[in-house]
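The values are calculated or read from the model by the stated rules, or taken from the named source; none is laboratory data. Since the structure is predicted, the reported quantities are computational estimates derived from the model, not experimental observations. Cβ placement follows ideal geometry from the backbone for every residue including glycine, while neighbour counts extend to all protein chains displayed. Protein only, heavy atoms only, side chains kept; ligands, DNA and RNA dropped before computing areas. Shrake-Rupley method; radii C 1.70, N 1.55, O 1.52, S 1.80 Å.
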Amino acid sequence: MPEVVLKANDLVKHYPVKAGVLRRTVGQVKAVDGVSFELYKGETLGIVGESGCGKSTLGRLLMRLEEPTAGTVEFEGQDWTAASGRTMRKLRRDIQIVFQDPYTSLNPRMTVADIIGEPFEIHPDVVPKGGRRARVQELLELVGLNPEHINRYPHQFSGGQRQRIGIARGIALNPKVLICDEPVSALDVSVQAQVVNLMEKLQDELGLAYVFIAHDLSVVRHISDRVGVMYLGKLAEIGEEDEVYSRPTHPYTQALLSAVPVPDPTLRGKRDQIVLQGDVPSPANPPSGCRFHTRCWKAQDVCKTDEPQLELRADGTGEHPSACHFAEPRQVVETTDVSGLAPDTRFATPDVADVGDENPAGTGVTEDERRLDDTTTESDHLR
Amino acid sequence: MTDTSVRQDSPTAPQQSAPEGGDAAPARSLGADARRQLARSPLFWVSAALISVFVLMAIWPSLFTTVSPNESILRESRSLPSSDAWFGRDFQGYDIYSRVIYGARASILVGIFTTTFTVLVGGMIGTLAAYNGGWIDGIISRITDMFFAVPFILGAILFMSALADSFTSYFGVIFKVVLALTIFGWPSLARLMRSSVLTVLPNDYIRATKALGASPWRIIRSHIIPNAMGPMIVVATINLGAYIAAEATLSFLGIGLTPPVVSWGVMINDSIVGLRTTPHMILFPSLFLSLTVLAFIMLGDAVRDAFDPKSR
């Protein structure tokens, strides 16, 4: 069993809703409502979910940028939520964060040297004063930026480059855990690939553990070892990447996965798309019992009253934690994990992939066969 | 469902090891950009030239005139401008040109000191209110509301009358005027600073610094203030002109600087009786007062254009 670095115990964050002249608390927005998980050394835990499900709040709780209403976060067995003063400062070195928006995460009035050097000023004992500039240049090189650009300002860089600066700041103190709050969501696809690959490279070199929060299921699958799916402030399902993506047992995960566009035209019309009814309920007034029962096609009376626990449930070949009374595997769509395959040589840069190409050499299917496939699909539709 | 939008590459892939960064443009800070923009603005150069002349007048009036402002030639009282006295003479036979030059000091001192104090007090209190939020913000905001309820000049008149008999030396009176204008001038800057700090606070770089374990003082000093200062600098520059006008108003009303101190407000007050018969007596001090106020407001405009990226 690998070593646990970060452990969330039943984390809860409620925001009070105030109204009236006296600003009385009239309710609670349950942004995060009882989330527990463990993060192992050197692994990547992906957290996915739609907007407003509490992913980013969870990230901020883990980072202790906000105080949890209840629950604790443990770092290497030490209670991080109760730490203060000196212990807190020490722990801050081990847990760092990378933000979503590269345009607001860097102070526009500071040079790159100041931005990446700031961690060393706050923790002066990490690098001696004389060596800081050299260390900043080393970090710039590590994240693939020109060390000579140390005196530039953020607005002189592109979005992808800025995100690299943000990553450099995050790893400056040699943390053990890096919380990535949608680090690639604001970047376009080719730059996303570069940044994700950079993060994988850094993980290999520095032994970092990532909590990778995102809403892009493909990116999460690519980078994660384990994946947690959140719905309305709770984890619906968590497990190894393969378990969640190939054998999802929670209906919400299945619906979420079925919504991912498939770039392979031969599969058009063949996939089993689950369209959910209604909207996400308000986190200020979540449904009783299972939070998903208002939109679930499997919902029974028991779902309205009993809250399903996140426990091991059979998924066909094995079992992994899922919070559904009626958990059963359902393969949503044929998928292949191509991350292990060799890059296609037809493309100039190895990091831009031929999407949906299950055949890396590109020889398996001829053009004619492809067209034939398409017509079949089309006629299937007509029938 | 596919995850082929990204493909793993080895750590030595070319785009990772090759440093990027485009052209080798020199580092340009936002401040440097603003300075460059200022240097291109004719408005800035005109106002800067005027202000330099006025500041020079305030520091070394003897550079501009050799005539004493208190040299009275009564028999030439109310004489019109001539080669002897360029701007003519007033009721007491004083040389108006000389008095206008010597009068610059009071106005410039009041303007600069009041601006400095309102920026310091207003900026500090506004930052404090926005950064702490909660009840501190509530109390400070209500206090500024209370000050807004008192008309600026009325408040200053009350304050000056209350302290009429104390601090009667030259600098004492200037200090009193500065104090009165500061007391009634800081709330507007505090509000401005509060709102611009509130727009800076939600930025991720503030969170990132908090996540690094930075002290509130460091966050305020190196992140909030540099990013929230812009609007306050602009308004403070424009206000400087307004404070000079306010000083002249108080002196004109007889509760600011009083004779024998030379000031533009005092001169305007003295010459008001001859408004129809000898208008040159009121023209020159008013002209200098207006030019100074105009110069600072123009400078403020130029600075705003330079600091406001939307105007580019």
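Points to keep in mind about this one:
- B:A162/A:D79 FRET efficiency (R0 60 Å; Cβ-Cβ; nearest 0.05): 0.55
- Cβ-derived FRET efficiency at R0 56 Å, B:D33 paired with A:R24, nearest 0.05: 0.70
- B:S68-B:L43 FRET efficiency (beta carbon distance; Förster radius 41 Å; 0.05 resolution): 0.65
- If you bin all the Cα-Cα distances of region A:75-162 at 10 Å, starting from zero, the percentages per bin are 15, 41, 31, 13, 0.
- Note on region A:4-239: Cα-only Rg and Dmax are 18.1, 56 Å.
- Computed label-point distance, nm, for sites B:D145 and A:W297 using a 7 Å Cα→Cβ extension: 5.6 nm
- Rh by Kirkwood over Cα pairs, then Stokes-Einstein D for the protein assembly as shown at 1.306 mPa s and 10 °C, µm²/s: 52 µm²/s
- When both region A:269-330 and region B:254-312 are represented by their alpha-carbon centers, they are found 75 Å apart.
- Near A:G316: Cβ cut-off under 11 Å, other residues only, Lys/Arg at +1 and Asp/Glu at -1. The net charge is -1.
- Between A:V189 and A:A284, the modelled label-to-label distance comes to 3.9 nm, taking each label 7 Å out from Cα in the direction of the beta carbon.
- Taking the Cα atoms of chain B, the ratio Rg/Rh between the radius of gyration and the Kirkwood radius comes to 1.15.
- Helical content alone sets the calculated 222 nm signal of chain B at -22000 deg cm²/dmol, taking -39,500 (n - 2.57) per DSSP H segment of four or more residues and averaging over every residue.
- Its Cα gyration tensor gives region A:247-322 an equivalent ellipsoid. The semi-axes, each the square root of 5 times an eigenvalue, are 26, 18, 10 Å from largest down.
- Difference of contour (0.36 nm per residue) and Cα-Cα distance, A:H215 to A:E38: 61.7 nm
- For the protein assembly as shown, carbon and sulfur atoms together expose 58% of the accessible surface, with a 1.4 angstrom probe and every protein chain in place.
- The GNM of chain B, with springs linking C-alpha atoms under 10 angstrom apart, assigns the highest mean-square fluctuation among B:S72, B:S29, B:S166 to B:S29.
- Placing a pseudo-label 7 Å from each Cα along the Cα-to-Cβ vector at B:R75 and A:D306 gives an inter-label distance of 11.9 nm.
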